[in-house]
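The values are calculated or read from the model by the stated rules, or taken from the named source; none is laboratory data. From a predicted model like this one, the values you see are computed outputs, not experimental measurements. Positions of Cβ are generated from backbone atoms using ideal geometry, with glycine treated the same way; all protein chains shown enter the neighbour counts.
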Amino acid sequence: MAYAGVLAGAFVIAVTASWLPLGKQIDDYAYDWILRLYRPTPWPTDSIILAIDEDSLRANGGVMGLRKALSSGLMRIAQVQPKAVVLDIILADRSDNESDAALAEAFRQTRNLVLPSDLSGDGTGWDDPLPEFEKSAAAIGHVHLDPDLDGVGRALALEKAFQQKRRWASSLEAFRVSRGEKTIVETPDELEVGSVIVPASNASGRILRIRYRPPEFAPIPVVPLKRLLDDRSVANQFSGKVVFAGATAQTLAKDRWITPYRSTPMAGVEVLANAYDTIAQQRFLENAPDWMVVLFCIGLTVAAGVVYAWLGGWRANTAAATILAAAMLTPYVALARGVVFPLSPGFWTAWLSVVSAAAWQHFYVRRRLVKSEAERERYQHAMQFVTHEMRTPLTAIQGSSELMSRYAMPEEKRKQIAQLIHSESKRLGRMIQVFLDVERLTAGEMELKKENFPVRDVMTACVERARPLADRKQIRMTVAYLGEEILSGDRELMEYAFYNLLTNAVKYSPSNTEVTVSTIREGDQCAISVRDQGIGMDQKEVRKIFQKFYRTKKAEQSGEAGTGIGLSIVEQIVLQHGGRIDVESAPGEGSCFTLTLPLAHALKPLATN
C-alpha cells in the first residue's frame, strides 16, 4: 500500500505540474518543435495574397493613396472571377470622398466579398466597415488575432463576441462564401460548413490550430499591389482563387505573428490565409481530450510500478527507458494522426514515477537486506550462545563417561558420575526440546493436550519453582490474588509459559525489588499478570520482544544469560490456546506481562494441528 501511495503521489504531482503555466509553456514549445520535426504530405492551396508592401505604398502616395490604389486593384481582380476576396484592412474611418466612392464601387463589383471587423483598442466594441462598404459585403468577419503569452500565433478563435454582437473569423467566412454556403451550423463540439466538419468546441472558445505551411512547401503565392497595377496580365493569377488582401509593409502591418516555424514575424493577412487553408484542406489538429491524457499518465505510472516491482537490475532499467521513450514519442505519433497530445503530463509522470518506483524499491530492498542481515547476525549470536550452552553438558557427559570407562572406581563414586551423566543429559534434552517446541508451535504442528486445570494450582507451582531464584537476588515474590478459575488446554505448556514470565521478571530485576503475580476474571476470560520493577523497555523494543532470538540492549548488557526465544514460545503457546499477551513497560519502571485466556466453559473445542 505504501508503494502504491508513493506512485499515486508522483502521478498527482506530475499531472498538477503539467497544468501550471510552466507546464503549458513546455507543451507549447514541444508542439513547435514537433511541428518543425514532422514532415507531412504536401497539400495544395487555392488562396493567394494581394500584398500592400513598401513599394506599393511608395508608388501610390503612401497611406493617403491606399484606398484608391486598392480599388483599382480589386476592379482588375473582379474581372477574372475569384472565388472570394477577403480584406484585412480596417475600413471603419472615412478618407476623402473620391477614394471612398471608388472603393465602394470596387466592392460592388467584387463577388463573395468578406470585409474585416476588429475589436477596438479602447474596449468600446467592434470597428465595423463604413455602411456604404458593408452593404456590398457577403460577410463581415473578425480579424482579431490573439497570440499566446510567448508571442507565437498557434491558434485562431473562430468566434469572437462583444456583448450581444458576434463575429465569425474572416478565414471561416471566406471558406463559407467561397463554397456557396448560406450558414454555419453550430454544435457544442464542432462547426459544420456544408459537408466539412470543423472540430472547434464551444468549451475551448472555438479555437482552431492553424496548420501553417512548412518552409519546405511552396509558399502561398504573394502578389504585390504595385505589380498588379503595373501589369494587367498579373490579374489572371487571382482567377478561381480565394484572395486575401492586406498590408505586409512594416509601416502598416501592426499585427505580426511569430509562427511555430520561424522567428521572423508573419503579417496578419498571411496568418488568415494559412487559417483558411487549414479549413479548406481539412488539415485539422485536434487537442487530445483530458481524459485520454489522464488515462495515459495512469498507464505510465502503473507501468513504472510494475516494472520495479517485478524486475530488477538492467531489465528494470531497460523497461524504464522504454516507458520514458513512450512518454516522449507519443506526442509525435499523435501529431502525425492530427492529434495534439501535450508532452509535459506524460514526461513528468514518466520521470517521477520511474524515479519514485526505483527509489522506493532501492530503499525497500536495502531496508529488507539490512533487516535480514541484522536477523541473521542475531540468529548467529543466539546459535553461538546455544552451542556454548549445549557444549557444557556434553563436555560433562563425555568426561564422566571417559572416567567410568578408563578407571576402576568405588561403587559410590561410579553412582555419583552416573547421576551427573543422567542430569546433564536431561538438561541437554530440555534444551533441544525448547528449540523443537518453538519451531513446531510456529509451524502450527504442536499437538495440544485437552485437560481442565485450576489456574491457582499452576501459578502456585510456578511461583514456588521460581522462588529460590528470587531469594538469591533478594527479590520478594508476592501473590496478590489467585482466583478459582478453570483453564483448559495443555497444562505442561501453560506451566512453561507462566514459569518463563516469572524467571524473566526475576532475571531482569535488581535486588530488593518485588515481583507480583495476580489473576482477575474478565467475563469469560482470565487475565494473569506478572509485574516486576526491573529494567523495563521502550515501546519500540516492546514491539520486537516476541521475535525469535531478539533481546533488548539492556537485557544483553545486564549479563544475564538468555537465548531470546522464550517469549516467542510463550506467545505461540498463548495464541494456540485462543488467548493473547499484552505488555506494559517503560524504561527503568519495570514491565507487566498479562496473559488473557478463555475459561474452560467458554473455550471452543481446541483443534489438533
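Kindly check whether there is at least one residue in the stretch 130-144 that is among the small types (Gly, Ala, Ser) and at positive phi. Checking the stretch 130-144: not a single residue is among the small types (Gly, Ala, Ser) and at positive phi. The C-beta contact set for the stretch 166-186 (first residue exposed (fewer than 13 other Cβ atoms within 10 Å of the Cβ), second residue acidic (Asp, Glu), distance under 8 angstrom, 6+ apart or interchain) comprises ARG166/GLU159; VAL185/GLU192. Condition test on ALA326, is it part of a helix (DSSP H, G or I), surrounded by 19 or more Cβ atoms within 10 Å (Cβ to Cβ), at pLDDT 80 or above and in contact with a helix residue (DSSP H, G or I) (Cβ under 9 Å, 6 or more places away or on another chain)? Taking the combined requirement at face value, the residue does not satisfy it.
Here are MET477, MET459, MET494: which of them is in contact with a Lys or Arg (Cβ under 9 Å, 6 or more places away or on another chain) and at negative phi? I'd like the intermediate steps shown before the answer.
Values: MET459 fails: in contact with a Lys or Arg (Cβ under 9 Å, 6 or more places away or on another chain); MET494 fails: in contact with a Lys or Arg (Cβ under 9 Å, 6 or more places away or on another chain).
That would be MET477, the only listed residue that is in contact with a Lys or Arg (Cβ under 9 Å, 6 or more places away or on another chain) and at negative phi.
ALA106 meets the conditions (1) surrounded by fewer than 20 Cβ atoms within 10 Å (Cβ to Cβ); (2) in a helix (DSSP H, G or I); (3) small (Gly, Ala, Ser) in every case but one. The failed one is (1).
Scanning the stretch 497-534 for residues that are assigned to a helix (DSSP H, G or I) and among the polar types (S, T, N, Q), which turns out surrounded by the fewest Cβ atoms within 10 Å (Cβ to Cβ)?
The initial filter retains those residues of the stretch 497-534 that are assigned to a helix (DSSP H, G or I), namely 497-507.
Among the residues that remain, those that are also among the polar types (S, T, N, Q) are: 500, 503-504.
On the way: ASN500: 21, THR503: 18, ASN504: 24.
Filtering the stretch 497-534 for residues that are assigned to a helix (DSSP H, G or I) and among the polar types (S, T, N, Q), the one surrounded by the fewest Cβ atoms within 10 Å (Cβ to Cβ) comes out as THR503.
Just checking, does the stretch 166-174 include any residue being part of a strand (DSSP E or B), aliphatic (A, V, I, L, M) and more than 30 Å from ASN60 (Cβ to Cβ)? No, there is no match, as no residue in the stretch 166-174 is part of a strand (DSSP E or B), aliphatic (A, V, I, L, M) and more than 30 Å from ASN60 (Cβ to Cβ). Can you spot a residue in the stretch 69-82 that is surrounded by 14 or more Cβ atoms within 10 Å (Cβ to Cβ), under 20 Å from VAL177 (Cβ atoms) and out of contact with any helix residue (DSSP H, G or I) (no Cβ under 9 Å at 6 or more places or on another chain)? There is no residue in the stretch 69-82 that is surrounded by 14 or more Cβ atoms within 10 Å (Cβ to Cβ), under 20 Å from VAL177 (Cβ atoms) and out of contact with any helix residue (DSSP H, G or I) (no Cβ under 9 Å at 6 or more places or on another chain).
Of the residues making up the stretch 168-191, just one is within 16 Å of ASP277 (Cα to Cα) and of a type in the set (Asp, Glu), namely GLU173. Taking each residue of the stretch 390-414 that is part of a helix (DSSP H, G or I) and looking for partners that are modelled with pLDDT of 75 or more and of a type in the set (Val, Ile, Thr) with beta-carbon atoms closer than 7 Å, six or more apart or interchain, yields ILE397/ILE421; SER400/ILE417; SER400/ILE421; SER401/ILE421; LEU403/ILE417; MET404/ILE417. Taking the criterion of being touching a helix residue (DSSP H, G or I) at 6+ places or on another chain (Cβ under 7 Å) and either β-branched (Val, Ile, Thr) or in a helix (DSSP H, G or I) (or both), would at least one residue in the stretch 121-137 satisfy it? Yes, the stretch 121-137 contains at least one residue that is touching a helix residue (DSSP H, G or I) at 6+ places or on another chain (Cβ under 7 Å) and either β-branched (Val, Ile, Thr) or in a helix (DSSP H, G or I) (or both). Residues of the stretch 84-96 that are touching a helix residue (DSSP H, G or I) at 6+ places or on another chain (Cβ under 8 Å), within 22 Å of ALA273 (Cβ to Cβ) and either surrounded by fewer than 21 Cβ atoms within 10 Å (Cβ to Cβ) or not assigned by TED's automatic domain parsing to the domain that holds GLY246 (or both): ILE89 alone.
Restricting attention to the stretch 53-89, which residues are assigned to a helix (DSSP H, G or I) and small (Gly, Ala, Ser)?
Just the residues of the stretch 53-89 that are assigned to a helix (DSSP H, G or I), to begin with: 54-59, 62-78.
Once the filter is applied, which keeps residues that are assigned to a helix (DSSP H, G or I) and small (Gly, Ala, Ser), the stretch 53-89 yields SER56, ALA59, GLY62, GLY65, ALA69, SER71, SER72, GLY73, ALA78.
Within the stretch 208-251, the residues that satisfy the criterion of being crowded, with 16+ Cβ neighbours inside 10 Å, out of contact with any helix residue (DSSP H, G or I) (no Cβ under 7 Å at 6 or more places or on another chain) and either without any contact (Cβ under 8 Å) to a residue 24 or more places away in the chain or under 30 Å from ILE34 (Cβ atoms) (or both) are ARG209, VAL222.
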